[in-house]
Every structure is written in structure tokens, then in C-alpha cells.
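For reference, the structure is listed below as C-alpha cells.
The values are calculated or read from the model by the stated rules, or taken from the named source; none is laboratory data. In this text, all values refer to a predicted model and were calculated from it rather than measured experimentally. Cβ placement follows ideal geometry from the backbone for every residue including glycine, while neighbour counts extend to all protein chains displayed.
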Amino acid sequence: MSKFFAEAVLIATVASGIRLAVPLLVASLGETFGQRSGVLNLGVDGIMLLGAFSGYYAVLQSGNVWLGLLAGIGVGIALGLASAVISVSLLAEQGISGIGVYLFGLGMSDLLFQRLVGTPRPIKSFPKLDIPGLSDIPWVGRMLFRHSVIVYLAFVAIPFSMWVINRTTFGMKIRAVGENPEAADSVGVSVAGVRYATVTIGGTLAGVAGAALAIDLGIFQQNLTNAAGFIAIALVYFGAWRPLGVMAGALLYGFVNSLVLQFKTLGIIPRSWSDIAAMSPAVITILALVLVARRFRQPAALTKPFLRGE
Amino acid sequence: MTSTGAALDSRKRYLAYLVPMGAVSAALLVGAVMLLLLDASPLAGVKAMFNGAFGSREALSSTALKATPLLFVGVGITIAFRANVINIGGEGQLVAGGLLSTAVAIGLPDLPAFVMLPAVLLAGMVGGALWGAVPGALKAYYGVNEILSTIMLNVVAVQLMNFLLRGPLIDPGEIERGTRIPQTERLQANADLPLLFGSGRLHIGPLIAILAAVGAYILLWRTPLGYRLRAVGQSADASRYAGIPVKRIVLLALTLSGAVAGLAGAVLVFGSESHRMVTDGSTAGFTGSAGFNGIVAALFGGLHPLWTIPASFLFGGLLVGGNALQRAVQVPSALILALNGLVVVFVVATDRYRKRLRDQAARAAATAATVPALVGNERPPGLAGDDP
């Protein structure tokens, strides 16, 4: 293999890893908000699927990718609010109710697709944006600064999430409600109010993640996410409930996936073994869960519904 | 007076039973509205679904066959949930059971059916048990959340299935012909599940599933092990205090749960019409999403193995009826999956209310039994604070 070729492959692998990480990153950041406030929303994948379909459909109809993203946001808000009603107001068992939301999204997105679109038609994708100056840096420029707009937006969301969670009053309330809802309640923080907000943020970002995935691929099909939403939830544990950790997890996932794809196309691993290689992200996640469970403590009130006086 | 107390008690108890029914009815009502929105007549839709699921002998056997994996998975989930372990890994455990039983059928020489059948069914159980034991051990000894690990293992199981059916277990004929369809050869006939009436499609799978449900009931409520499982589910701390090995029980709960789901995998392979294991690349291609729909059945059955039997047949009918719906009024059968999701949401969201009614009934009964002398509406202090 020539040196030039090896370079090109390496750069392409890193760049595509970053791109593959984006939907996971966005969905995981959203889920981080919910989990820090004590709510496990297992319905992420269902919300992503409906966000993906609505984003795809909006772009198909209008030809405008931003309208597609907006459709994803709308669906995400609606389903986020619905999830909040179920887990915060109705105090449902969070380990199960989210599976209901997932099945609903899986079925509903397929139903709408078959009914409204039928045969898959490709749509326009996000515009590319080469950051002036930076994109000309050798190696790094092509890895990091020649992406579509949505990639930059996703990475800007990380410091923003850190700032909200760690530096704002709202973030302090989120952490208080997630660690000790009784105490937060006793000093006048509305536990339900905070959780409604975080679960809706989570739903919104899941909707965005789905729409971004569909628009990035330029296509929709049944079960487009292929369990990405569940992986996003696992990444929140992986990242020990911190935005930077979540980012590391999403990037690792993206890189491993892109490496497996690259190996497959280059024939480095035999075709027959590519299914085994495709297991590696899930296996790595399980191993990471073991490590995180030993070293970090989850928010104390995670999955525990709060009812005053109970 | 005690008589009014007792009346109130029984009324609330019945109400508590009605809550899940109401939740399911509400979900189905949403389904009817969706049919209207899709320009299909709900009446014609319901009629087509009912006839498709229960209208003929053929329809009934389709329903029974569809209900079978739901019942296995549902029973498995009941066992885990009773120990307060949430098993979302039904899909992966089904696949693991199917794979190991298939491998055993390919590996063993032609043996008589009375050896072969138990062998492949046992292999299915072992496969599922292994796939359940991993998250079980991770939860018990490393504190890993079982919801996440079981979901991740679903992903691993599909890849393993794709690998094995495209490589080591593939039908040699597929390679000779160059078609390379990822499927095994027709597995040996001695492992075919016997047909129930000697003809048709209905095999003994549904009977095995019902036996498994009865077995789980006996295990949970009639054996010391079942008592321990339920004790851990009620309160892990109290159980530990009472000397119950909580970690081992948690591991066992997920292993047993996986074993029952794995049995479903074997039944799916050896009861299939082509008598082989096939993959289309996704889990749902093999399981028909039974690993998730089984959760729906178990929830509707109140997480009780015996009530899961009728619940599975109801949801099996719903799935079979969904296909009839597609043919009759041109509404994609994905509608049924969406409705199943709503059923889960509605049942879980009203569960708090059901428990409150049940507890009120129990308290009223206790009051009536222990303080018969009490007159009027007064109740002893401490039991009075009913509602928040």
C-alpha cells in the first residue's frame, strides 16, 4: 500500500467516524439531561425514528433541509412532552414505559412511510462547509474541518450542555433533583417542573438526532436507526453522565464503526468475518459499562419517580 | 360498618382488575381513530382483524402459532420481573436459543425423535440461558444496569446469527449453487415438532409454551426458590438480611428468564414451515419482534405466568389480524406494532392507579377483619390516610 493511499484511508476513516458519531452524540446529550435529573427515557430510539421520518418527509416535500431539521424538532418536543407526562406525572415504571414509546415509534414511522411515501426516494443532504483557513491544515483540516454543517452544530452543543449543567441555576436544579429530589423539593424547587424540562430537552434532541441521521443518509427505511437510540442511552452511562464523557463514547463508537466499514471495503478482514467485527461496538459498550459501574455512581434518584410525601 | 367496608373493598378490587383492560381498550380506541385518519373504515378493519385472527380453524392455528413465542418470552419476563430484574433481552435470547438448537441438530447424527426433540429443545434453553446469564452476572457482581446490557446483547446476537448463518452453519447447497442465501440446510426431520392434529400447520409448540407457563407459576409460588425470587423482588435489602443470597438469585432470575425465551427460539426453528433457520440480517426477521411483543403480553397478563397465557393469545391474534387488516383495508400492519407500543405505555402509566386501588382494597379488608367492633366510617389511626 503506498504511503499516499494509507494517508487518504486514515483521513477518510477519521472523518467518517466523526460523521457517524453525530446522531449518537446529539441523542446522548439529550438523554444526559434527563438522566441527570433522575429520569431514564428508554424511548429515545422510537423518538429518533419518528424524527427521522418526519425530517425525511419534510425535506422530500419542501427540498429544504432546515425545514427537515425543524420537523424533527417538532416531533421531538411533542414526544418528549408525552414521555414526561408518562414518567413524571403518571409515575410510570421507566424501564418499561420507554419500550412502549420505542415500539410506537418503530411501528408508526414505518406505517407513515409506507402510507405517505411507499418506495424510497433519495433526498437532498446537508450542505458541506469547509471552515476557511482551518480546512487547509494538512491532515487535520480534512479530518475535522470539511464536514456538513450539522456536524459542527453537534459539537458546539457539547460545551453548551456542559455550561448549562455545571454553571447555570437550571443546571444546579437538574443535579439537585437527580441526586436528592426530597431535599430539592423542600427548598422550593419544582421537581416535576425540572424533570418536564429535561425530558422534553431529551426528546427534542432525539428528534433532531433522528432527522439529522435521515437527512445525512438522504434516505428513510423501516427501522432506519437500527437501535442507535439504545446505544445513545448506553453512551450516557459510558460517559458517566458527563457531556465530555458522552462525546468520547460517541466518537469511539463512530471510529470503531468506520474502521469496521473501512476494513470491510479494503478486504483487510475477510467478508465472512465482518459480522463478527460488527459486534465490537456493542461488546466495547458492555465492557465500558462494567468499568463505569465500578468507578462512577449514577444519579441517586435515577429511575425513581418522585411523589411528595412518599 | 364492616359490610360497607367489605363492599367497598371488593368494588375497588374489581376496579383494580379493570384498569389494565381499560388501558388496552383506550389503546385500541386510538387504533380505531388512526384507521379513520387513514381513510379506512374501523368497522371493516375490526371485522377483518377478528376474522383473520379467530374466524376459522386456519386462522386460529395461525394465532396460536404467533402467540407461542410471545408466551415463552412473556413467561420469561414474568420470572425476571418478579425478582425485580428487567429483561429487555428477549430478542437476543430467542436468537441464541435458535442458534444453539440449530447447531445441535446439525451436529448430532440421525437419532430417533424421542431423543432428538428433547435434545434440541434443551439446547434452545441452554442457549437462551447463557444469553441471560451474562447480563445476570454483570448485574449481580458488577452492578451493570441489566436494561442496557440486555439491549446490547440483542445487538451482539444478531451479528452472531448473521455470521453463523452466512458462514459455519450455511447450507452447503447454497455455496455449491453460488446463491449464498444465509440459511441452514433443511434440518433433520427427526427434530421437526410433531403436528398437533397430524396435519395442517399447528404443532405442539403452543402446548409446550402453556406447560412452561404452568411450570413458571409452580416455580414462583410453590417452591422455596420461587419464594426467594419474589422476596428479592419485594426488597433486596430485607432479603439479604434474611440470609437470601441476593446476587445468586438475581443471576438465576435472568438465566431462567433467558432459558424460557431460548426455548421459544428452538420452537421457532423446528416449528417453522421450512424447518431451517434463516436470517434476513435483522433480529425481527427471525423473531418477528416477539422479544418485545412478549413484554406487552406479560404486562397485560399482570406479570402473572398463567394470565400471560390468554394475554399472549390475544396479542398473537392482534398480530395475525394485523396482516388481515393489511389485505382488507390496505393499512400497513405496522399499525399493530404502534398500537402494541401504546398498550405498553397506557398499561404502565395507569399501573400506579391500579396499585392504589388494590392497596385500598387490601387495607379495607384488613380493617374489616381485625377491627370488627369499629362502627361507622371511622377507621383506626394510621390506616386513615388513604390518598395523598
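Exactly one residue out of B:Ala338, B:Ala297, B:Ala266 is farther than 30 Å from B:Leu35 by Cα and either hydrophobic (A, V, I, L, M, F, W, C) or in contact with a His (Cβ under 6 Å, 6 or more places away or on another chain) (or both): that is B:Ala266.
Just to verify a result, which residue in the range A:238-286, among those that are under 21 Å from the mean Cα position of the chain (by Cα) and among the hydroxyl-bearing types (Ser, Thr, Tyr), is surrounded by the most Cβ atoms within 10 Å (Cβ to Cβ)? So the residue we want is A:Tyr253.
In the range A:269-281, how many are in contact with a Phe, Trp or Tyr (Cβ under 7 Å, 6 or more places away or on another chain) and within 9 Å of chain B (Cβ to nearest Cβ)?
4
Going by what's in this entry, would A:Phe306 be described as of a type in the set (Phe, Trp, Tyr), more than 11 Å from every other protein chain (Cβ to nearest Cβ) and outside any helix (DSSP H, G or I)? So A:Phe306 passes the test.
Select from the range B:162-189 the residues that are assigned to a helix (DSSP H, G or I), out of contact with any strand residue (DSSP E or B) (no Cβ under 8 Å at 6 or more places or on another chain) and either of a type in the set (Val, Ile, Thr) or more than 8 Å from every other protein chain (Cβ to nearest Cβ) (or both) and list them in ascending order. B:Leu164, B:Pro172, B:Gly173, B:Ile175, B:Glu176, B:Arg177, B:Ala189, listed by residue number. Of all residues in the range B:134-161, those that are over 11 Å from B:Asn87 (Cα atoms) and at the interface with chain A (Cβ under 7 Å from one of its Cβ atoms) have Cβ atoms under 7 Å from Cβ atoms of residues that are of a type in the set (Ser, Thr, Tyr) and crowded, with 24+ Cβ neighbours inside 10 Å, 6 or more apart or on another chain, in B:Leu138/B:Ser149; B:Met152/A:Thr285. Taking the numbered list (1) farther than 25 Å from A:Asn64 by Cα; (2) buried (at least 18 other Cβ atoms within 10 Å of the Cβ) in turn, A:Val187 passes all entries but (2). Taking the numbered list (1) within 14 Å of chain A (Cβ to nearest Cβ); (2) touching a helix residue (DSSP H, G or I) at 6+ places or on another chain (Cβ under 6 Å); (3) modelled with pLDDT under 85 in turn, B:Ala361 passes all entries but (1).
All of (1) within 22 Å of the chain's Cα centre (by Cα); (2) aliphatic (A, V, I, L, M); (3) surrounded by 15 or more Cβ atoms within 10 Å (Cβ to Cβ) hold for A:Leu111 with one exception: (1).
Inside the range A:278-310, can you point out the residues that are over 25 Å from A:Gly245 (Cβ atoms) and without any contact (Cβ under 8 Å) to a residue 60 or more places away in the chain?
Residues satisfying the conditions are A:Gly309, A:Glu310.
Within the range B:285-308, the set of residues being β-branched (Val, Ile, Thr) and either surrounded by fewer than 22 Cβ atoms within 10 Å (Cβ to Cβ) or within 12 Å of chain A (Cβ to nearest Cβ) (or both) comprises B:Ile295, B:Val296.
The number of residues in the range A:282-303 being of a type in the set (A, V, I, L, M, F, W, C), facing chain B (nearest Cβ under 10 Å) and outside any helix (DSSP H, G or I) comes to 1.
Could you tell me which residue of the range A:1-56 is surrounded by the most Cβ atoms within 10 Å (Cβ to Cβ), considering only residues that are among the hydroxyl-bearing types (Ser, Thr, Tyr) and modelled with pLDDT of 95 or more? Per the stated criteria, the residue is A:Ser28. Only one entry in B:Leu342, B:Leu252, B:Leu256 is among the aliphatic types (A, V, I, L, M), within 14 Å of chain A (Cβ to nearest Cβ) and in a helix (DSSP H, G or I), namely B:Leu342.
Do any helices (runs of 4 or more DSSP H) entirely within the range B:37-147 hold 2 or more residues that are of a type in the set (A, V, I, L, M) and modelled with pLDDT of 95 or more, and if so, which?
Hits in the range B:37-147: B:57-82, B:90-107, B:113-142.
All of B:Ala264, B:Ala324 fail the test of being in contact (Cβ under 8 Å) with a residue 12 or more places away in the chain, surrounded by 19 or more Cβ atoms within 10 Å (Cβ to Cβ) and more than 15 Å from the chain's Cα centre (by Cα), apart from B:Ala324.
Restricting the first member to the range A:35-54 and to residues that are closer than 9 Å to A:Gly229 by Cβ, and the second to residues that are charged (D, E, K, R), the beta-carbon pairs closer than 8 Å and six or more apart or on different chains are A:Val44/A:Glu31. Note on the range B:183-206: among residues that are buried (at least 22 other Cβ atoms within 10 Å of the Cβ) and more than 23 Å from the chain's Cα centre (by Cα), the one that is modelled with the lowest pLDDT is B:Ala191. Listed by position, the helices (runs of 4 or more DSSP H) inside the range A:138-179 whose residues that are at negative phi and modelled with pLDDT under 90 number at least 1 are A:140-144, A:149-167.
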